[in-house]
Amino acid sequence: MRMPEPDGAVIARKRAIVETLRTLVPGPGGVIFDEDELRAYETDGLTAYRQIPMIVVLPSSTAEVSAVLRYCHDEGIKIVPRGAGTGLSGGALPLADGITLGLSKLNRILEVDYPNRCVVTQPGVTNLGITRAVEAEGFYYAPDPSSQIACSIGGNIAENSGGVHCLKYGLTTNNVLGVEFVLMDGTVVRFGGKHLDAEGYDLLGVVTGSEGLLGIVTEVTVRILRKPATARALLLGFPSSEQAGDCVAEIIAAGIIPGGMEMMDKPAIHATEAFVHAGYPLDVEALLIVELDGPEAEVEHLIERVDAIARQQGATYHRASAGEAEREAFWSGRKNAFPAVGRISPDYLCMDGTIPRNRLPEVLARMREMSERYGLRVANVFHAGDGNLHPLILYDANKPDELARTEAFGAEILKLCVEVGGVLTGEHGVGVEKRDLMGAMFDETDLKQQQRLKCAFDPDQLLNPGKVFPQLHRCAELGRLHVHHGKLPFPDLPRF
Ligand SMILES: Cc1cc2nc3c(=O)[nH]c(=O)nc-3n(C[C@H](O)[C@H](O)[C@H](O)COP(=O)(O)OP(=O)(O)OC[C@H]3O[C@@H](n4cnc5c(N)ncnc54)[C@H](O)[C@@H]3O)c2cc1C
């Protein structure tokens, strides 16, 4: 995987850059430049790729973020934003000649506003921290990535993160009302706010999912919801993944939108049960966890309907949670599926693609064939209701060629997602992981249009370069790349 060539001239100025940054971010531990300390930032959740950053800077306020960006803008220094570093597509992978801008010190909840049903928070607060701040009053923040105990709300916005309850309550983009955003030249702007709908273009929509390429989120306003009166979860076991997939489609077709509907295949069930002891059946090929929430009478009615649909689809195991502790135990298995799989393999690569729900059985069958062909095991965890797949490909990085084979297997899965009418990513973003596959989904015209948007925010391409786009264009040249007699213009432009 290629990244932009580091600029030796910038690296040579490291000492002077550190001195300036210390004046801009004067607090203790605000600037990190010692190699041993920098190593803590060399990777994110996509640990297959590592790079020690030139410098890490940890501002404590919007004003400090703005000052750092303005300085880097004027000096032509690249910036890689970083929240909690749990991203799975390498979005926070550092650059050798870049500054990693960590937002972890911006970690205060600024306001809880019940009349407007929203929370205003700094970006370094964890996803779960928002729910913790309002749960005593019976509220919660709905999008719940499995990493919610650690990941930051700023990172959630940058990745448009999802979770098991997003089927009914929407992804991050459906729950964010406003942001304060610092542009690369240091300008501080606001998109959205406590009100619904934006004045003018939906720039909040543009910022959500922008993977740190357009600016830095320094404040966030999110919607909070009242906790449903009742929530119960059903465990449904099936003799085949295809039957479980059909059951998902039938539940939705019946007009039922569960609070969450997750699926795990046999390897994932066994790994999870051994780790968390959630009470999962071990003699089934696929397991669905279906949560119904709302008023008690409605939940009871829906549990019966879902159970009846599951029986029609051949379910051989049925168990409804009897109380809150059991419901949480059912979910604790699913939420710990990734670390559980980490216990049965030295390494794994977590893929993230989305398909139309009704193509699930076919995609599962083709993945099984690929697994045999590549000689690599795969454990499957899905946000089944959303058609969002998370195949975990198990490999051993110490075995020669195994990472390369794993990446080829993963790329084939993602291309299959596109082939059946889906998309390259569901919730983990493109980052570096899927960057070189963007051409499988978008043609040159699409990609150039997307880069024009990037250029409107960051014309010098200093924010997170090397991520998302398979080729760097200089903004002034966009749209004029023309090959004449086989001679590529601008041969100095990095192409990955
Ligand atoms: C065990 C595990 C389970 C996971 N489960 C889920 C899941 O269920 N659903 C899901 O969607 N994801 C999941 N993830 C992925 C990850 O947690 C999310 O993508 C999360 O939103 C990343 O947040 P972060 O704070 O760690 O961001 P980072 O990893 O630090 O950064 C992610 C991206 O956001 C940018 N960024 C971070 N903060 C800012 C900011 N303030 N302003 C601008 N750009 C910024 C970075 O440049 C980078 O491109 C999981 C990860 C792990 C390790």
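Read-outs throughout are calculated quantities, based only on the coordinates presented, and are distinct from any laboratory measurement. This one's a predicted model, so the numbers in the text were calculated from it and none came from an experiment. FYI the Cβ positions are ideal-geometry reconstructions off the backbone, even for glycines, and counts take in every protein chain you see.
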Through the Karplus equation 6.51 cos²θ - 1.76 cosθ + 1.60, θ set to phi - 60°, convert the phi angles of region 413-427 into ³J(HN,Hα) values in whole Hz; use x for Gly and Pro.
4, 5, 5, 4, 4, 5, 4, 8, x, x, 9, 5, 9, x, 8
Using only alpha carbon positions, build the gyration tensor of region 109-226, then give the equivalent ellipsoid semi-axes as the square roots of 5 times its eigenvalues, largest first, whole angstrom.
21, 15, 13
Equivalent-ellipsoid semi-axes of region 1-93, from the Cα gyration tensor, Å, largest first
21, 16, 13
Given the chain, what percent of its DSSP beta bridges are antiparallel, to the nearest 5?
85
Cα-based helix-to-principal-axis angle, 296-312 vs the chain, degrees rounded to 10:
80
Can you compute 3J(HN,Hα) from phi for each residue in region 363-369, using the Karplus curve 6.51 cos²θ - 1.76 cosθ + 1.60 with θ = phi - 60°, rounded to whole Hz and x for Gly and Pro?
5, 4, 5, 5, 5, 4, 5
Taking the highest mean first, how do the peptides 387-396, 430-439, 82-91, 309-318 order by number of other beta carbon atoms within 10 angstrom per residue?
82-91, 387-396, 430-439, 309-318
D (Stokes-Einstein, µm²/s), Kirkwood Cα radius, the chain, 1.567 mPa s at 4 °C
55
Determine the relative contact order of the chain: mean sequence separation of Cα pairs under 8 Å and six or more apart, normalised by residue count, in whole percent.
14
With 31 Å as the limit, write out which pairs from K266/K448; K335/K467; K14/K194 have Cα-Cα distances beyond it, or answer none.
K266/K448; K14/K194
Expressed as a whole number of Å, what is the distance separating the alpha-carbon centroids of region 421-443 and region 308-338?
32
By the 4.7 Å beta carbon criterion, which cysteine residues of the chain come out unpaired?
C72, C118, C151, C166, C247, C350, C417
Using only DSSP helix segments of four residues or longer, with each worth -39500 (n - 2.57), what per-residue ellipticity at 222 nm results for the chain after dividing by its residue count and rounding to 500?
-10000 deg cm²/dmol
Among A96, L106, S345 - extreme Cα towards positive end, dipole of the chain, charges at beta-carbon:
A96
Ascending count of other beta-carbon atoms within 10 Å, so fewest first, for S371, S152:
S371, S152
